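Working notes, structure below.
The values are calculated or read from the model by the stated rules, or taken from the named source; none is laboratory data. Everything quoted here is computed from the prediction, not taken from an experiment. FYI the Cβ positions are ideal-geometry reconstructions off the backbone, even for glycines, and counts take in every protein chain you see. Areas reflect the complete protein model, heavy atoms only, side chains present, ligands, DNA and RNA absent. Shrake-Rupley method; radii C 1.70, N 1.55, O 1.52, S 1.80 Å.
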Amino acid sequence: VYNAAVNCEKAKLIGLAVQMRQWLIKTKPDSTLAKKAIYQVGRNFQDIVVFDAAAEQFEVFAAKYPGEKEASTALYTASFFRRGLGDNDKSVSDTNLFVKNYGARKEFIDQAAGVNFGEGQIYEQAKDWDKLVSHLRKYLTNWGTKGGVDRQIIAHVKIADKLWRESCP
């Protein structure tokens, strides 16, 4: 079934590949191929631009198998999709889980800093300036030296902009 799903995917029969993988996940949930299938279903939904379903599959995969090679990518992508879809609570939850699972690992520091920094977009889009400033200050404390000078500068400028607007009515 797994190989048939791969062949369907190659033939651009994404819907059929998803059905086969979902059947595999349902009937043989403990198999190694079912584990891979969860991630692949997320990729399939991403390929056909069904980002909410893709995020859901990526979240399931990352929660069940945080040590798998693709888990960090899945969770990072889920957070990005959730933020883009306006599902802010789930985006923040995904961000926090990413930082918890991967933030202390050297190879993921830039990604963890980036996903944490990106959370600020939620508050900026909502025009919740107090939360944005609070978030950026926490970012600078926790990630400032690790996340790159560019993000440090942006954080300081956004904080200064908010403070300047308060002082100049």
Of the conditions (1) in a helix (DSSP H, G or I); (2) under 20 Å from Phe80 (Cβ atoms); (3) open to solvent by 70 Å² or more (accessible area, probe 1.4 Å); (4) of a type in the set (D, E, K, R), Glu166 satisfies every one except a single condition; which number is it?
(2)
Would a scan of the stretch 135-156 turn up a residue that is modelled with pLDDT under 90 and in a helix (DSSP H, G or I)?
no
Return yes when Gly42 is closer than 23 Å to Ala5 by Cα, open to solvent by less than 10 Å² (accessible area, probe 1.4 Å), assigned to a helix (DSSP H, G or I) and not hydrophobic (A, V, I, L, M, F, W, C) and no when it is not.
yes
State whether the residues of the stretch 103-117 include one that is without any contact (Cβ under 8 Å) to a residue 24 or more places away in the chain, of a type in the set (Gly, Ala, Ser) and within 24 Å of Gly147 (Cα to Cα).
yes
Would you tally the residues in the stretch 132-153 being touching a residue at least 24 places away in the same chain (Cβ under 8 Å) and of a type in the set (A, V, I, L, M, F, W, C)?
3
Do any helices (runs of 4 or more DSSP H) lying entirely in the stretch 55-130 carry at least 3 residues that are of a type in the set (Phe, Trp, Tyr), and which ones are they?
71-85
Taking Gly67, is it on the phi > 0 side of the Ramachandran plot and either open to solvent by 10 Å² or more (accessible area, probe 1.4 Å) or at pLDDT 95 or above (or both)?
no
